[in-house]
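Structure first, then comments.
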Amino acid sequence: MPEPIEVRKVAIKHVSDASGLAELIDSGLIEADRVIAVIGKTEGNGGVNDYTRIIADRAFREVLVGKGTRTADEVKEVPIVWSGGTDGVISPHATIFATVPADRVEPTDEPRLTVGFAMSDVLLPEEIGRRGMIEKVAAAVRLAMERAGISDPADVHYVQTKTPLLTIHTIRDAKARGQTVWTEHTHESMDLSNGCTALGIAVALGEIDMPGDDAVMHDRDLYSAVASCSSGVELDQAQVVVVGNARGVGGRYRIGHAVMRDALDADGIWAAIRDAGLKLPERPHPSDLDGRLVNVFLKCETSQDGTVRGRRNAMLDDSDVHWHRQIKAAVGGVAASVTGDPAVYVSVSAAHQGPDGGGPVAAIVDLGDEPSGYRYP
C-alpha cells in the first residue's frame, strides 16, 4: 500500500524563488526527503527558449538537497514539471506532493489521493511524434500506476508529464545517425511532443487502441481525458506523474476530473471539483469552495476551426502574439473566475488532451476538518 499524500500549493515570488517549499519543510509539514513530485507554473514565455523553467527547477532541487539527506543525483530523479508562461492573470506557483507516515493521517476506507511516478526510457529525437514515443510513454504510465497502488484505470484522474521537444541540436544528432524527424520546426515540436505523449497515456489507460503514426496530430477524435502534457529542453526522457485515488491510503485529499468542452466551459471546471468529492450548490460561487480546493490543473488548445461557440476569433491568424499565449490567458481567466484564485495551473498545447478546442481538468480538494486551500485575504 502506498503512503498517504500531503499536497500544498505555494506562491513563487520571483523567478528563482523556492521559499514556499523551504517554509513547508521548516514548519515540519513535510519532509524534504519525502517530496515525490512538484508541478508548477513559471513566468517565462512558455516557448522553446523559456529558461525560467530551468531556473525554477534548480531552485527547488537545491532546497531538497539542502534540507534533506538525498544527494543531488537522487534529487534529480524527483519529477519536477514546470509549465512556462503565466499569461494574463495566472500567478506563478508550485503544487508540492510529499508522502507522510500513515500514523500522521486519519485512516479511512474512502478513496484518497495517491501518487506514483516513473521515468521512461530515453526518447530519441526520431521517436518524437511516432510510435516509439507512444510505447515508451505508455510503459512509464503503467509503472507509475503500479507505484501509486492503482490497478483500475478509472481511478486515474490526472497524468502530468514532461517530455523533450526537438531542438536544432537534437535534429542535427538524428540526421547524423541517418534518421529523420517528424518536424524541423522546433516550436511546432512542442505541440507534437505533448500530443504524442497524450496518445501514450490514452493507450496505457485503455482510452484508445494503439494508433498509427499517421494519427498523431491529425486525428483529434483520439484523446485522453486525464492527460496534461508539457515539454521542454531540460530532459531527454518522459517524466510521468500519475495522480489518482485509492482506498485504504488514508489522508484528507481526493482528486477528480472532467473535461472543458471549449475555452469558455466553466461548468467543466466545476464538474471536476464535484468529481473530487466536494458538494456544491447547483449554481456554485468561488465562496462555496471555502478553502477546500488545493488546485485545478487544466490543458487548453485553440480550436482548429478558429471558432468558439460558433463565433470566429483571430488567434490562429495572429502573427504578433502566438495563439499559445492567447488561449492560455483566456482559459486562465475562466479558471481563476471559478476558483477565485489566480494561481491556477493552466498549460497550453493540448493536442490529443481532451476534445478539440477544450481540454482536461483535474481538481484536488481537501476534505479535512481544517481545509488548507486558498482563501482570499
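The values are calculated or read from the model by the stated rules, or taken from the named source; none is laboratory data. Predicted, not measured: the structure shown is a model, and the values here were computed from it. Cβ atoms come from the backbone with ideal geometry, glycine included; neighbour counts cover every protein chain shown. Heavy atoms of the whole protein, side chains included, go into the accessibility calculation; ligands, DNA and RNA do not. Shrake-Rupley method; radii C 1.70, N 1.55, O 1.52, S 1.80 Å.
Couple of notes before you dig in:
- Taking segment 8-107 and the strands (runs of 3 or more DSSP E) fully enclosed by it, no element has 1 or more residues that are modelled with pLDDT of 95 or more and over 19 Å from the mean Cα position of the chain (by Cα).
- Some residue of segment 191-207 being of a type in the set (S, T, N, Q) and assigned to a strand (DSSP E or B): no
One line per residue, one yes/no per condition, for (1) surrounded by fewer than 18 Cβ atoms within 10 Å (Cβ to Cβ); (2) in contact with a His (Cβ under 9 Å, 6 or more places away or on another chain):
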| position | (1), (2) |
| --- | --- |
| 311 | yes, no |
| 326 | no, no |
| 336 | no, no |
| 360 | no, yes |
| 368 | yes, no |
| 375 | yes, no |
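- Screening segment 229-239 for residues that are out of contact with any Leu (no Cβ under 8 Å at 6 or more places or on another chain) and open to solvent by less than 10 Å² (accessible area, probe 1.4 Å) and picking the one that is nearest to residue 159 (Cα to Cα) gives 229.
- Residue 99 falls short on exactly one of the conditions (1) among the β-branched types (Val, Ile, Thr); (2) over 23 Å from residue 54 (Cα atoms); (3) assigned by the TED database to the domain that holds residue 237, and that condition is (3).
- Qualifying positions in segment 157-192 - open to solvent by less than 10 Å² (accessible area, probe 1.4 Å) and closer than 17 Å to residue 39 by Cβ: 158, 159, 160, 161, 162, 163
- Residue 154 being open to solvent by less than 20 Å² (accessible area, probe 1.4 Å) and either part of a helix (DSSP H, G or I) or in contact (Cβ under 8 Å) with a residue 60 or more places away in the chain (or both): no
- Taken over segment 338-356, the criterion of being open to solvent by less than 10 Å² (accessible area, probe 1.4 Å) and among the small types (Gly, Ala, Ser) is satisfied by 347, 349, 350, 351, 354.
- Selection from segment 286-306 of residues that are among the hydroxyl-bearing types (Ser, Thr, Tyr) and open to solvent by 40 Å² or more (accessible area, probe 1.4 Å): 287
- Qualifying residue in segment 99-111 (condition: out of contact with any Phe, Trp or Tyr (no Cβ under 7 Å at 6 or more places or on another chain), in contact (Cβ under 8 Å) with a residue 40 or more places away in the chain and of a type in the set (S, T, N, Q)): yes
- The set of residues in segment 61-94 that are polar (S, T, N, Q) and open to solvent by less than 40 Å² (accessible area, probe 1.4 Å) comprises 83, 86.
- Members of segment 132-145 found to be under 20 Å from residue 175 (Cβ atoms) and open to solvent by 10 Å² or more (accessible area, probe 1.4 Å), listed by number: 132
- Extreme residue, most open to solvent (accessible area, probe 1.4 Å), among residues of segment 246-277 that are in a loop (DSSP other than H, G, I, E, B) and touching a Leu at 6+ places or on another chain (Cβ under 9 Å): 252
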